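> Quick one: this structure, given as structure tokens, is what I'll be asking you about.
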Amino acid sequence: METTRVNTTTDHGCFGCGDRNPIGLKLAFYRTDDGVSAEFTPAAEHEGYMRMTHGGIVTTLLDEAMSWAVIDSGRLAVTARMSLDFRKPVPSREPLQITASVTRDRGRAVETAGEVRSTDGALLASATGMFIRVSEEQQRAWERIYLPGEPE
């Protein structure tokens, strides 16, 4: 497995991956053989019920991972649709492994899948998503912010 970081710039306010958001998750995604992955340990601030990660945070983890899988395939996109299955309670204060990949590229629409697993490999949540690629103009504008050094 490669360890190349996908989101190399974090100097922005994205709740999922930006360093300028003081309450953000600050996720770092790395390229894998078939997509992207990140590790994240939810804190007490990310809880819903005691010692369980809030479902909205789990959803954000998967949305962010699937988005970076699309970005790593070459284009910026926004979430159009997402379906999520909570399989087991997602503990807080324990490390999680988040993975995502592109499952089908239909041109402007890109289908994705993602998973959240515990360190012992148990599947805690899974999702599928549909992302819509942004216009060329928006792509160029966002590349300057989110992907410095990428071709314009």
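> What's the number of the only condition in (1) closer than 29 Å to residue 43 by Cβ; (2) part of a strand (DSSP E or B) that residue 130 fails to meet?
Unmet for residue 130, out of (1) closer than 29 Å to residue 43 by Cβ; (2) part of a strand (DSSP E or B): (1).
> When the residues of segment 11-36 are filtered to those that are in a loop (DSSP other than H, G, I, E, B) and aromatic (Phe, Trp, Tyr), which remaining residue is nearest to residue 71 (Cα to Cα)?
For segment 11-36, the residue satisfying everything is 29.
> In this structure, does residue 41 turn out to be hydroxyl-bearing (Ser, Thr, Tyr), free of Cβ contacts under 8 Å to residues at least 60 places away in the same chain and under 29 Å from residue 108 (Cβ atoms)?
In short, no.
> So, one more: Would you confirm whether or not segment 117-125 contains a residue that is under 21 Å from residue 57 (Cα atoms), of a type in the set (S, T, N, Q), at pLDDT 95 or above and under 18 Å from the mean Cα position of the chain (by Cα)?
Checking segment 117-125: at least one residue is under 21 Å from residue 57 (Cα atoms), of a type in the set (S, T, N, Q), at pLDDT 95 or above and under 18 Å from the mean Cα position of the chain (by Cα).
> Being exposed (fewer than 13 other Cβ atoms within 10 Å of the Cβ) and of a type in the set (A, V, I, L, M) is the filter; apply it to segment 8-55 and report the residue that is modelled with the lowest pLDDT.
Step by step, filter segment 8-55, then rank; the result is 23.
> Could you give me the residue pairs with C-beta distances under 6 Å whose first residue belongs to segment 95-106 and is among the basic types (Lys, Arg), whose second residue is modelled with pLDDT of 95 or more wherever it lies, and which are 6+ apart or on separate chains?
104/111
The values are calculated or read from the model by the stated rules, or taken from the named source; none is laboratory data. Quantities reported herein were computed from a predicted structural model and do not represent experimental measurements. Don't worry about glycine lacking a Cβ; one is built from the backbone with ideal geometry, like all the others, and counts go over all protein chains shown.
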